[in-house]
Amino acid sequence: MSPNLVLVIVVGVLFAAGVTLLLERNLTRVILGITLLGNGVNLLILLGGAYGGPPIVGVTPEAAMSDPLTQAMILTAIVITLGMTAFLLAMAYRTWLLTGHDEVQDDVEDRRIMQLAERDQGLEDQDAPEEMSQ
């Protein structure tokens with residue numbers, strides 16, 4: 001059986017919204033993005049599984065059993081998403097207590113590396129016209 005088109009669109013929207021929120025610098029939005037991605041993965045796993053009845057042996061011998069692996073994977077993914085959400089909530093709360101906001105700041109070393117990269121890029125741009133003229 002083919003998956004329902006509405007569910008496939010919902011998976012796409014959940015993934016798109018989750019990735020968009022993950023790219024933000026606000027930890028609250030990152031937490032929401034992780035949650036949306038987790039729910040999107042759960043729905044994607046559910047769509048990939050085989051349709052059928054419950055995995056009970058002996059109902060009818062000729063009926064095919066459904067695969068319990070998808071159910072186990074979704075339960076595992078729910079637990080992992082819950083653990084990740086709890087960790088990120090604790091980190092966001094601790095950041096808010098220490099700094100008064102939950103926005104992720106650039107590290108001093110990251111800023112230094114960006115300045116060096118910009119300076120090197122500027123030097124390469126200045127060298128390019130000289131190479132073309134030779």
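So how many residues does the stretch 4-28 have that are basic (K, R) and crowded, with 17+ Cβ neighbours inside 10 Å?
Taking the stretch 4-28 as the starting set, the residues that turn out to be basic (K, R) are 25.
Remaining after also requiring crowded, with 17+ Cβ neighbours inside 10 Å: none.
Result for the stretch 4-28: 0.
Of all residue pairs spaced 6 or more apart or on separate chains, those with beta-carbon atoms under 8 Å, a first member in the stretch 82-97 that is assigned by TED's automatic domain parsing to the domain that holds R29 and a second member that is of a type in the set (G, A, S) and surrounded by 14 or more Cβ atoms within 10 Å (Cβ to Cβ) are M84/G38; T85/G38.
The values are calculated or read from the model by the stated rules, or taken from the named source; none is laboratory data. Model, not experiment: these values are computed from the prediction. Virtual Cβ from ideal backbone geometry, glycine too; neighbours counted across all protein chains shown.
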